[in-house]
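Below is one structure, written out as structure tokens, with a few remarks after it.
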Amino acid sequence: MDKQKLLARLEYIIDGSNCGVLSTVDAKGRPHTRWMTPILLKDRKGVIFTVTPWDSEKISQIMHNPEGVWMVQTRELDQIITARGKINILDNPSIKAEVMESAGDKLTMFWTLNRDISEYVVLETVLEEVEFYEPLKDIRQFASLNDN
């Protein structure tokens, strides 16, 4: 599967599931995973966005090591995407507004836990590698997004 088809598959899976697992590594090299809401912007192919409180532990983990991994899957668990890339912390009002507009009502749990809109940032994962897996068919397809 080529890069564009893998990115299209990523979009399909995220649109259908509305959640994913984001993994980061702390300063001691220990991995941390948590459920997050991945958000795609139509004009930013190869990038996954999400929001988090500024004071969350994942912020210090990303500041120490910006490499992260997303895993998203269909509700039926028959298609899985693992995407690796560099995570940037963005505190820009225009990107916040764009991400929030794109997220729609997907962030219900986030707003239940974090009521003050001024205390969140956007995490931008610029994807470097994407792997698609269909476990029932034992099909794996991989693409590096850095290749020209």
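Derivation of every value follows stated rules applied to the coordinates shown; laboratory data play no part. Keep in mind it's a predicted model, so treat the numbers as computed, not measured. Don't worry about glycine lacking a Cβ; one is built from the backbone with ideal geometry, like all the others, and counts go over all protein chains shown.
Overview of results
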quantity	calculated
Count of Lys pairs (Cα-Cα under 16 Å; at least 8 positions apart or interchain) in the chain	9
Principal-axis tilt of helix 3-17 within the chain, Cα atoms, nearest 10 degrees	60 degrees
Within-12-Å neighbourhood charge of I13 [Cβ basis; K, R +1; D, E -1]	-3
Rounded to 10°, Cα long-axis angle of helix 93-103 versus longest principal axis of the chain	50 degrees
Placed amide H near N88: partners under 5 Å, 5+ positions off or other chain	E124, T125, V126
The chain, helix-only ellipticity at 222 nm - DSSP H runs n ≥ 4, -39,500 (n - 2.57), divided by all residues, nearest 500	-8000 deg cm²/dmol
